[in-house]
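Visitor: Just dropping this structure here.
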Amino acid sequence: MIHIIIDDQLLTPTAKTIYCRFLRQMPFPPGWGQLQAPHHLLKYTLQEHARWSVVIVVLTRLWLKDSMIKQAMVRSIKEAFDEEIKAGIFGVNPTASSIVVGVLAANVRSNMMLTADQMLDHDQDPKNFKAELKRCRTMFQKFAEAAALATGSRGQRPSGLHYPDTLDEYGLVSLLIVLVGEQKHKEPEKTLLAFENFVQTLRLVLTDGFATDNPELTEQMRHIKKSCPTLFASLLSQGESHISTEDADDDDPSIGMNLIATELHKKLSVLVRLSPKHCRSVLHLPLQTGQFSKEWLLKLRRAYKDDYGKNVIVIGNMPCKWWKKLAFTDSTASGHRIILHRAYSESRVFLVIRNVVPSTRPRDPQVDLSILKYEPNVDIIGLPAATVNRFYLVPFTESASGDWLLQTGDGSNHSVEDTLLLFVAWRIQFL
């Protein structure tokens, strides 16, 4: 329902267009796919609505300004939240946009309290739980009332009419979330059967079941499977997902490399190789171990010893291959850079990373999240030191006027010193 209010009542027509573009640029938590465009709102699944509730908080904190909100909504928001403004809950002289960010943050908080697999220590006290949940629901109710006020008189409200009434009737936040996608699950058996039919058809196409009847589609899917080896890993068995050496090309990371896996990092493969020209001219990365600086050699030897248990003294002058992504145990992790180094006839995986540390800035009061920064120097770790725990870090820079600017692309156009990281420490892996 909050999504409908934002789309129908909050944003100006120009802001809606910018919002769609900004949503496509937003970094998402590791493992999450992109969301559909907002004009497909009624086609969102329940999971997409839940994930949107997380991303929209960060998006509005980085992007939303009062000039992007309809003037009627600006006035109604300040009217509906008059008590909270006087109490200083949103800070000194809060803007309408900062109040919206606070409401969206409270919505995520209530979602986690009602659906997360574990509770925070503070919430395990029933009194604290009830008080916090009431606070979050009251924020939502007042936001809904502001949307109703912005539509005009209470007797003539085509889109904002029933927001408070719906809250009174259905109550729980979890039930309000269900309402948006309820029409998608009137016949769950039919929906599940249609999904299973799709999965089985896709498996048959990938295993050449339609090679005679539809060779063009089979060839397209074979190309996708070869380009994205882990895309269909959850659908195919190990035998079905095997790529023969006849069909594999020279860029396939599984051919010609004896990658050393570990107990926690199985089904190991590296994806998206960086070209030598790009490494040399753009990223300024060494293409042979003989080009490593003394500092890099020390870090590589330390990673061999600490993470692999190998005391490698002679590094040699072997070629280095650089990659963007590493896949293991059906989970894909991205490092700053990934390098393969060959020693004793075995290729081992190392990650060139930048550690993050707390910045000198306090927690952001609008979303109550910590702000981190990169350490200036990179480090090298071996694959055993990499864990499947991945964090949602949103890079941004701060303008001279204090506005936050989302850092897009690979970050090469920003210095490490200027980059800050919003650490979204909410329990969102259950979504």
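Visitor: If VAL54, VAL92, VAL356 are ordered by their accessible area, calculated over protein heavy atoms with a 1.4 Å probe, which sequence runs from highest to lowest?
Guide: Details: VAL54 0, VAL92 130, VAL356 60 Å².
The residues order as VAL92, VAL356, VAL54, largest area first.
Visitor: Further, regarding this structure: Between their Cα atoms, which of LYS43/LYS134; LYS305/LYS325; LYS226/LYS324; LYS190/LYS225 are more than 26 Å away from each other? Could you put the intermediate results ahead of the total?
Guide: Numbers: LYS43/LYS134 30 Å; LYS305/LYS325 23 Å; LYS226/LYS324 17 Å; LYS190/LYS225 29 Å.
With Cα atoms farther than 26 Å apart: LYS43/LYS134; LYS190/LYS225.
Visitor: Rg and Dmax of segment 1-158 over Cα atoms: what are they, in angstrom?
Guide: 16.0, 46
Visitor: Run the 1.4 Å probe and let me know the accessible area of LYS305, rounded to the nearest 10 Å².
Guide: Counting only protein heavy atoms, LYS305 exposes about 130 Å² to solvent.
Visitor: Could you work out the Rg to Rh ratio of segment 353-397, with Rh taken as the Kirkwood radius (inverse of the mean 1/r over all Cα pairs)?
Guide: Numbers: Rg = 12.9 Å, Rh = 12.6 Å.
Looking at segment 353-397, the ratio lands at 1.03.
Visitor: Continuing with this model, one more query. How much accessible area does MET139 have with a 1.4 Å probe, in Å² rounded to the nearest 10?
Guide: Around 10 Å² of this residue is reachable by solvent.
Visitor: Once Rh is set to the Kirkwood radius over Cα pairs, what Stokes-Einstein translational diffusion coefficient, in µm²/s, holds for segment 1-58 at a temperature of 25 °C and a viscosity of 0.890 mPa s?
Guide: Details: Rh = 11.9 Å.
The Stokes-Einstein estimate is 207 µm²/s.
Visitor: Counting Lys +1, Arg +1, Asp -1, Glu -1, what net charge surrounds TYR304 among other residues with beta carbon under 9 Å of its beta carbon?
Guide: Spelling it out: positives minus negatives among the neighbours equals +3.
Visitor: Here's a follow-up. How large is ³J(HN,Hα) for each residue in segment 15-30, as worked out from phi by the Karplus curve 6.51 cos²θ - 1.76 cosθ + 1.60 (θ = phi - 60°), to whole Hz, x for Gly and Pro?
Guide: 3J(HN,Hα) across segment 15-30, in whole Hz: 5, 4, 5, 5, 4, 4, 5, 5, 5, 5, 8, 5, x, 9, x, x.
Visitor: Taking each pair of distinct Cα atoms in segment 31-107 once, what is the resulting Kirkwood hydrodynamic radius in Å? Before the final figure, lay out the partial values.
Guide: Working: mean 1/r = 0.0720 Å⁻¹.
For segment 31-107, inverting the mean 1/r across all distinct Cα pairs yields 13.9 Å.
Visitor: Now a separate question. Ignoring ligands, DNA and RNA, how do CYS20, CYS136 rank by accessible area with a 1.4 Å probe, largest first? Walk me through the numbers on the way to the answer.
Guide: Values: CYS20 30, CYS136 5 Å².
Result, largest first: CYS20, CYS136.
Visitor: Taking each pair of different alpha-carbon atoms in segment 65-118 once, compute 1/r for the pair, average those values, and report the inverse of that mean as the Kirkwood hydrodynamic radius in Å to one decimal.
Guide: Working: mean 1/r = 0.0819 Å⁻¹.
This gives a value of 12.2 Å.
Visitor: Can you give the accessible area of ILE313, probe radius 1.4 Å, in Å² rounded to 10?
Guide: 110
The values are calculated or read from the model by the stated rules, or taken from the named source; none is laboratory data. A quick note: this is a predicted structure, and the numbers were derived from the prediction, not measured. Methodologically, a virtual Cβ is constructed for each residue, glycine included, from the backbone with ideal geometry; neighbour enumeration extends over all protein chains shown. The area values use the complete protein model at the heavy-atom level, side chains included, leaving out ligands, DNA and RNA. Shrake-Rupley method; radii C 1.70, N 1.55, O 1.52, S 1.80 Å.
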